[in-house]
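Read-outs: derived from the displayed coordinates by stated rules, not from any lab. All of these numbers come straight from a predicted model, not from anything done at the bench. Backbone-built Cβ (ideal geometry, glycine too); neighbour counts: all protein chains shown.
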């Protein structure tokens, strides 16, 4: 039972269950409190291939899946209670607790040291790991949604902007902070608990057509409909990640949507970027001649290597200069530079051309834009690889971290003072202490707003507003992407940071969105602000981008492999390349992520039993736990209504009966705590 | 290697697949035989339906089975209630969908679907339309689906404007689609007919297009009002500016620019006292023997004249001849009035042969008819002018684009064939260079235009001398326009032969064709008035074995049966044998 829950909660089963992940975990952890059933000695390094130990971000998940796939033993530890590290997606409520955790994290670091000291054998060296996540900084949260109780939400948004925020309750902040447009919410006060009551009352589902005012309470109540990613990335449809998903059959664990449009902000106006043939044909803002120029240039970019004479003179000069030398109007230069190539002023010509080429090659594979977005958020992707890893015997363990490495590295000591032997250690950059870091950071934040016209997933590129500010990349997700509740949009803005996230992004936000001066305030009718989407909630933070760091700059044992966190680029190629190169170091002779076999092609040893959990039998045995009888699988639940009613225990009773793809995958839960 | 999932080897998988296939084949053959025996026994039962369904699912292109199914269904129709029939046919539609998934371009399946839809007691056209849309979203050039869709639209009476929006949508997602463009060209005249021309009948929606041929040849209902045309020009220009190498847009563009059909009329009547013959030229090739051609001479219908085409090989010809009764016009002091009636087209042409004249004619000149502009003639000059500007703009960006070049040439011809002659020639030169695969086509087209220009010049000068030397002609055309020409000079071109149409030059007396590459004299046999032929420096390799009477044989300075590269072939007078 406990195992099942753990598995379901953790390894990302079907993306549809995403919304329940957080709660499941907490239920499980509660049940498990104080039960110490797992013992390190279950691993016998003398007999077994010693496990690789990892922490899951995208890179780590891929490495784990790849190792596990070729028969390596993998133990996956994470000090957090969620998967995927900085790649994670949260429900709104999950995000709020994440924020809380972040606020109070820098305390408990001391005491346990003595506990594990005694596990160290004579003469062994110890390397202590960082236990505090320092990759996130400058976290700030603002709430603009009306804080009136939910019962009053019937007020139409169109009704004239009366000051209808409710009377001051215990969460009301100082409202008259006028010199600033926004004002900060003390995060701790707006914890879900205060608003919890109305949540459980049966409420009619909001009719999407009716413009209802969205209150903060409503957001919290519908919090599970949100899947807010910490990083905002898209998948290039011919990028390495998509290729890997296909090659390894991991794609079967996730669903994707094609991005529906690519926009850019130019002269204060949002315009569609014509990037495909159909776009150029249909574009209203380009003249005929511009259409020809653009198509001509793009056609050239598709096989620019064949025409070196066209760009040789500029090979040492920036792409921007090259664009200006071509017969392109200013309009077109802008489109190509900031929305198609998506490069910066320093990028050299050839790199810019290559970026353009990559973009163009991705067009048409799945639709008229080159990008895919995973339903339920980007956090799905690491989870899919985790699942793959688990299918082939990987073991996962949350809220469980490593304090130190022993002796180059023969073993690690976890936060419970246990010693775990291992042959390799793959570790996220954030665990490494005392190393050089913080080369560049990128900031990002989420807003949601409502009342936007269409159900689209869009990428908007906003060029620098002035010379000192960074170019901002904005991804707008509608509820069709399963990342936010109907009637709202989730918007991610990302840029390389100059100052703090708020300093960098506030100008863009105020330009493109209506930011109420007090929660719940409406834009005055008729003013231009009225056209803008209304902001409900904003979170700013900076995340460290360590991707530029050279692995050799870490003074670490050779069998410790450092994975950097998410990088700032839009695609995922960096992480995949890194994963593959780490895998090559670990296992030079093995294939990287060969296709997972179809269930019908798997030969089961003990034919009589034919358990679906065959793949796990070994792992289970090694752990001294019985996997038998735990192969029940989760029945796909229709997300919305059932969420409320079905308790984890109840929903997990369903027997193995339907034959979806997922159901044929062994799902024995390796459980640890 | 422990810890790994064991997977079947490729060989194992192959073996399994092979076995599976063998088994399938066995079943297939058994069922097929069973069906054939049932059919020959005349069994039209549901079991047969089941069997054929089984086979067609895996092979939807088995036409015999579809036929058998129809036989069965027709039979079941007679014995079942309407509700049952409805159910039966609905199941059939569902089944066809699975066949279409197997092969979306199966002739048999689509045809059967059309048949079933027409038999269905209560058809659900909305569903059929959405099926078509789904298919077209997967492959927007599946013409089977287009065909079927037209059938559905016709049957269900979808409004024309909705259909136009539909083509908008398809063209928007991919303009490289002949079907969509073509569909537009049929919808526009219905939705935006040119004012003045006969409006499309409102009942079109029900019985759709092409049911009633337009009553009069003068009104062509497939014209579109100007306002809409301008929008179309913009749309299609967007397409060819985006991708000038995509020919679907260019084709549509040419349709937009020129949809003139030449009026059907008698363009010329010629009568000669000496030969006692009449030659009639039509605006297009006709078969005078079936079209009801009637000759009236001085008020008397000539019953017994025999019409023959200019060349015995042509059953359809733009030029027809007939001998008048001997002595009927030979007296030079008599005046005669001639009328040729073209009964079928309700048109006629008069010709008066005055006293003292050896011959007479009455005609519309090519200039009057704006003959050589007809390809792109209907548009207003201003529109054509601005289109020419757009294309020239595109050419500046894409100097090598053949479609653009060709369209420019056509526009120039429509605007001012003589004024643009020099530019036209230059463009043809470029065309031959950028598209060498079609250089002969361009040469022929250029020849055609040169001949047209010369005809125009000749008419302006009001002479019967046609001189076209040194123009790189590769072919001869428009010879029906040269009915009255007496002298023709074709020297220094690249002609390789005289086409049979050359016999239309019924008045030709002198032919000069030196310095060509003419290989034989075919084409010159049916010219009644020919007196002088000069064929210096040609490539006459053999003369035809067909004997023809050459009375003035003494004048022949050539050797028929030699392998000659250079021939002095001077003054061959040929008398038409007829």
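Could you list the square roots of 5 times each eigenvalue of the Cα gyration tensor of segment B:414-545, that is, the equivalent ellipsoid semi-axes, sorted largest first and rounded to whole Å? Write down the numbers at each step before the final one.
On the way: eigenvalues 126, 76, 25 Å².
So the three semi-axes of segment B:414-545 are 25, 20, 11 Å.
Just need the relative contact order of segment B:378-448 here, percent rounded to a whole number, with Cα pairs under 8 Å and 6+ apart. Don't skip to the end; give the middle numbers.
Working: 44 pairs, mean separation 19.5, N = 71.
For segment B:378-448, the relative contact order is 27 percent.
Arrange the peptides B:264-273, A:382-391 so that the one whose residues have, on average, the most other Cβ atoms within 10 Å appears first. Please report the intermediate quantities before stating the final value.
Working: B:264-273: 21.6, A:382-391: 28.0.
The densest-packed peptide leads the list: A:382-391, B:264-273.
Enter the mean number of other protein chain beta carbons within 10 Å of the beta carbon of each residue in B:229-242, as an integer. Could you put the intermediate results ahead of the total?
Details: counts 0, 0, 0, 0, 0, 1, 2, 0, 2, 8, 4, 4, 12, 14.
Counting Cβ atoms of other protein chains within 10 Å of each residue's Cβ and averaging gives 3.
When the Cα centres of segment B:1-68 and segment B:283-346 are compared, how far apart do they sit, in Å?
Each part reduced to its Cα centre gives a spacing of 68 Å.
Rounded, prolate or oblate for segment B:6-66? Axes are the square roots of the Cα gyration tensor eigenvalues, ordered a ≥ b ≥ c, and the cut-off for rounded is a/c under 1.5. List each step's numbers first, then the result.
Numbers: a/c = 3.70, a/b = 3.12, b/c = 1.18.
It comes out prolate by the Cα gyration axes.
Relative contact order of segment B:12-158: what whole-number percent is it, with Cα pairs under 8 angstrom and at least 6 residues apart? Please report the intermediate quantities before stating the final value.
Details: 103 pairs, mean separation 27.9, N = 147.
Answer for segment B:12-158 is 19 percent.
Taking 2.2 N^0.38 Å as the expected size of a compact globular protein, what ratio does the Cα radius of gyration of segment B:12-158 give against it, to two decimals? Spell out each step's value before the answer.
Working: Rg = 16.8 Å, N = 147, 2.2 N^0.38 = 14.7 Å.
Rg over 2.2 N^0.38 Å, computed on Cα atoms: 1.15.
Where a ≥ b ≥ c are the square roots of the eigenvalues of the C-alpha gyration tensor, would you call segment B:266-363 rounded, which needs a/c under 1.5, or, failing that, prolate if a/b is larger than b/c, or oblate? Could the numbers behind the result be given before it?
On the way: a/c = 1.79, a/b = 1.61, b/c = 1.11.
Taking the square roots of the gyration eigenvalues as a ≥ b ≥ c, segment B:266-363 is prolate.
Packing-wise, with mean Cβ within 10 Å as the measure, how do A:277-284, A:61-68 rank, highest first? Each step should come with its number before you reach the end.
Working: A:277-284: 19.4, A:61-68: 30.8.
Descending mean neighbour count gives A:61-68, A:277-284.
In Å, the Kirkwood hydrodynamic radius of segment B:378-448 over pairs of distinct alpha carbons?
Evaluated on segment B:378-448, it is 12.3 Å.
Please grab the % of Cα pairs in segment A:238-387 that end up more than 26 Å from each other.
On the way: 3692 of 11175 pairs.
Tail of the P(r) past 26 Å holds 33 percent of the pairs.
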